[in-house]
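K.L.:
Quick one: structure below, then a few questions.
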Amino acid sequence: MKADLARARELLADARRIVVLTGAGISAESGVPTFRGPKGLWKSFRPEELATPEAFRRDPCLVWGWYAWRRSLVEKCVPNTGHLALARLALVERGRTTIVTQNVDALHHRAARAIAAELGDGDPTPAFPLEVHGAIDRDRCSGCGQRSDGVIDVDVTSVDKLPRCGECDSLLRPDVVWFGEALDPAVIGASFEAAREADVCLVAGTSAVVYPVASVPDMTLQSGGVVIEANLEPTPLSSRATISLMGLAGELLPDLVP
Ligand code: BV8
Ligand code: ZN
């Protein structure tokens, strides 16, 4: 493990372009539940019951109840050392690193602002991630698609109390991508382009089972780059990764990108 860590650190230090892919595991140490695994969100819920457009059509109050609960929980969480290490990587040498996240918790944004302030040069945007599955703190109109800041205390006691669009009166929904829904082509397209151009793809905290974003590391491999995985347990990616490091993202990432 020590030799792997040293080699991974060297590969990252020498990389011309880096793409980072993060999943729920990087936010676990901030208190945001992951999806799968022992204390995963889907232990207490069934994905087909909640993270699909059919579920929202069938029972919008149930789906809104889940997202309103997660929204209020995420609000109280703060970025951890893993988020901060990645933000520093992206801000110290601007333009070298692209962060792609499956997470909808906006913790990468908050880490970017904290490190930009610490570095004293203000602009956090190079460390803002490509959010391929959307953002839980934003709402989107299910009719006209207009986006807005997320309603905080959603009243889920009856459908007619759910938030509606000021323009077309359709139901608002969380601005996230559900199963069976297409990702924003511009966002996933930019993620794939960053993956193809990267010498190193650093994958942290994901079970690597959700497509199309799970193909990001393979695109780096196919264009001759290397993949470094940092995860708590082996995943379907581990056998394809150049280096697979097992451990907590909050400990591994500050070690990998000091
Ligand atoms: C689409 C947003 C097409 C909402 C989410 C069969 C085969 C292949 C693909 C499919 C298939 N059947 C269906 C599909 C497609 C489907 C898919 O991939 N399904 C999978 C499950 C088989 N994909 C889709 O439907 C996508 N859309 O394909 O559309 C299309 C095209 C054109 C037109 C119409 C349609 C949409 C996918 C997006 C779904 N939305 N979430 C919300 O958040 O509620 S997915 C959800 O899972 C989250 O976004 C999450 O990001 C994602 C992946 O989970 P992870 O982030 O990896 O989290 P997980 O808990 O699984 O793992 C955490 C890992 O961290 C673990 O390994 C753990 O060990 C580790 N860990 C824990 N703690 C730590 C740690 N590691 C380090 N440190 C720690 N401290
Ligand atoms: Zn509308």
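Quick note: the coordinates plus some simple rules give every number you see, no bench work behind them. Keep in mind it's a predicted model, so treat the numbers as computed, not measured. Counting neighbours? That spans all protein chains shown, and the Cβs are built from the backbone with ideal geometry, glycine included.
K.L.:
Arrange Y67, Y211 by Cβ neighbour counts within 10 Å, fewest through most, would you?
P.N.:
The most exposed by this proxy come first: Y211, Y67.
K.L.:
Pull up the DSSP beta bridges for the chain and report the antiparallel fraction as a percent, rounded to 5.
P.N.:
Antiparallel bridges make up about 30 percent of those DSSP assigns within the chain.
K.L.:
Considering only the other residues whose Cβ falls under 14 Å of the Cβ of D121, what net charge follows from Lys and Arg at +1 and Asp and Glu at -1? Could you put the intermediate results ahead of the total?
P.N.:
On the way: positive: R88, R94, R113; negative: E93, E118, D123.
Residues close to D121 contribute a combined charge of 0.
K.L.:
Per residue, how big is the convex hull around the C-alpha atoms of the chain? Give it to me in cubic angstrom, could you?
P.N.:
So the per-residue hull volume is 124 Å³.
K.L.:
Please state the relative contact order of the chain as a whole percent: Cα pairs under 8 Å, 6+ residues apart? Don't skip to the answer; put the middle values down first.
P.N.:
Values: 482 pairs, mean separation 63.7, N = 258.
With pairs under 8 Å counted, the relative contact order is 25 percent.
K.L.:
Now a separate question. Could the peptides 233-240, 59-66 be put in order, highest first, of the mean number of other beta-carbon atoms found within 10 Å of their residues?
P.N.:
Output ranking for 233-240, 59-66: 59-66, 233-240.
K.L.:
How big is D for region 8-84, in µm² s⁻¹ as a whole number, if Stokes-Einstein is applied with the Kirkwood radius of its Cα pairs at 10 °C and 1.306 mPa s?
P.N.:
107
K.L.:
Order by neighbour count: W69, W178, fewest other Cβ atoms within 10 Å first, most last.
P.N.:
Fewest-to-most ranking of W69, W178: W69, W178.
K.L.:
What share of Cα pairs, in percent, lie more than 17 angstrom apart in region 62-145? Provide the component values of the computation, followed by the final result.
P.N.:
Details: 1782 of 3486 pairs.
The answer is 51 percent, as a whole percent.
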